[in-house]
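Take a look at the structure below.
The values are calculated or read from the model by the stated rules, or taken from the named source; none is laboratory data. A quick note: this is a predicted structure, and the numbers were derived from the prediction, not measured. When we count neighbours, we look across all protein chains shown, and the Cβ atoms used for this are built from the backbone with ideal geometry, even at glycine. Heads up: the accessible areas ignore ligands, DNA and RNA and are worked out on the full protein's heavy atoms, side chains in. Shrake-Rupley method; radii C 1.70, N 1.55, O 1.52, S 1.80 Å.
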Amino acid sequence: MADWIINFIQSGGYLGVAVLMLLENVFPPIPSELVLPFAGYVAATGQLHPAGVLVAAVLGSLAGALPWYWAGWHLGSGGLQTFARKHGRLLTLEPEDIDHSEEWFRRHGPASVGFGRLVPAVRSVISMPAGIGKMPMRPFLFWSALGTIAWSTLLLGLGYVLQSQYEQVKGGVEWVTRGVLVVMIAWYLWRVLRFGKSRKSKSPSA
């Protein structure tokens with residue numbers, strides 16, 4: 001699995017990194033925790049420039065954040081919750097997730113967009129309340145970029161350092177990669193299978 005990710009990034013280059021990061025923001029089950037360390041590894045081998053990888057990761061992440069920002073802006077909280085109830089299963093997007101992200105945004109203000117980029121469970125959905133609250137585009141992009149740069153630099157740095165020790169720890173890395181992937185797939189399937197059940201359990205009996 002580790003070799004497959006590395007080969008994908010090597011063949012796709014900066015565009016491949018950007019596309020993976022875009023998809024991670026649009027489709028939450030794709031974890032940057034797997035993408036970025038291996039992108040850092042590829043950069044350490046000299047095939048990609050570290051600064052170029054960071055720029056690609058940030059641009060891809062920002063591009064992936066915009067659809068949810070625009071959805072929040074144009075649909076509002078009620079429209080997004082209706083969308084989540086009807087079409088949110090494959091995205092594992094529940095109306096409650098929108099409520100929680102709005103609460104996070106109200107509690108921490110515009111900076112929550114930056115902080116949210118550091119939290120896996122919040123990273124994708126934090127763009128929605130920013131759009132719902134009509135947060136101006138420039139501050140939204142600024143805080144999104146700030147949080148993404150911090151998170152991406154950390155994970156890319158881990159991969160960059162890993163390169164010098166990769167042959168010695170390759171077996172362990174492979175098992176960790178598989179473990180993360182299995183956990184993410186299990187979490188995604190659990191969310192899909194459980195979709196809507198919390199709402200049904202809260203509904204009054206007929």
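State yes or no: is LEU141 open to solvent by 70 Å² or more (accessible area, probe 1.4 Å), among the aliphatic types (A, V, I, L, M) and modelled with pLDDT of 70 or more? Spelling it out, it is not the case that LEU141 is open to solvent by 70 Å² or more (accessible area, probe 1.4 Å), among the aliphatic types (A, V, I, L, M) and modelled with pLDDT of 70 or more. The condition of being in a helix (DSSP H, G or I), among the aromatic types (Phe, Trp, Tyr) and surrounded by fewer than 19 Cβ atoms within 10 Å (Cβ to Cβ) holds for PHE8. The residue list SER61, SER101, SER124 contains one member that is farther than 24 Å from PHE8 by Cα and touching a residue at least 24 places away in the same chain (Cβ under 8 Å), which is SER101. All of SER11, SER61 fail the test of being closer than 19 Å to GLY159 by Cβ and in contact with a helix residue (DSSP H, G or I) (Cβ under 6 Å, 6 or more places away or on another chain), apart from SER61. Residues being in a loop (DSSP other than H, G, I, E, B), modelled with pLDDT under 90, β-branched (Val, Ile, Thr) and at negative phi are entirely absent from region 67-82. Filtering VAL113, VAL53 for residues that are under 19 Å from VAL35 (Cβ atoms), out of contact with any Lys or Arg (no Cβ under 8 Å at 6 or more places or on another chain) and surrounded by 14 or more Cβ atoms within 10 Å (Cβ to Cβ) leaves a single hit, VAL53. Of all residues in region 83-99, those being closer than 15 Å to VAL122 by Cα and in a helix (DSSP H, G or I) number 5.
Let's see how each residue does on (1) outside any loop (DSSP other than H, G, I, E, B); (2) among the acidic types (Asp, Glu); (3) open to solvent by 20 Å² or more (accessible area, probe 1.4 Å); (4) in contact with a helix residue (DSSP H, G or I) (Cβ under 8 Å, 6 or more places away or on another chain):
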{"site": "SER101", "(1), (2), (3), (4)": "yes, no, no, yes"}
{"site": "ARG107", "(1), (2), (3), (4)": "yes, no, yes, no"}
{"site": "LEU118", "(1), (2), (3), (4)": "no, no, yes, yes"}
{"site": "MET135", "(1), (2), (3), (4)": "no, no, no, yes"}
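With respect to the conditions (1) over 18 Å from ALA145 (Cα atoms); (2) open to solvent by 10 Å² or more (accessible area, probe 1.4 Å); (3) within 20 Å of the chain's Cα centre (by Cα); (4) touching a residue at least 12 places away in the same chain (Cβ under 8 Å), TRP70 falls short on a single one, namely (1). In this structure, SER32 does not qualify as in contact with a Lys or Arg (Cβ under 9 Å, 6 or more places away or on another chain), surrounded by 22 or more Cβ atoms within 10 Å (Cβ to Cβ), at pLDDT 90 or above and under 28 Å from TRP190 (Cα atoms).
Open to solvent by 30 Å² or more (accessible area, probe 1.4 Å), farther than 16 Å from SER144 by Cα, among the small types (Gly, Ala, Ser) and at pLDDT 85 or above: does that describe GLY40? When the stated conditions are applied, GLY40 does not pass them.
Just checking, which of VAL180, VAL161 is farther than 29 Å from THR82 by Cβ, at pLDDT below 70, assigned to a helix (DSSP H, G or I) and not hydroxyl-bearing (Ser, Thr, Tyr)? Give the derivation first.
Numbers: VAL161 fails: at pLDDT below 70.
The unique qualifying residue is VAL180.
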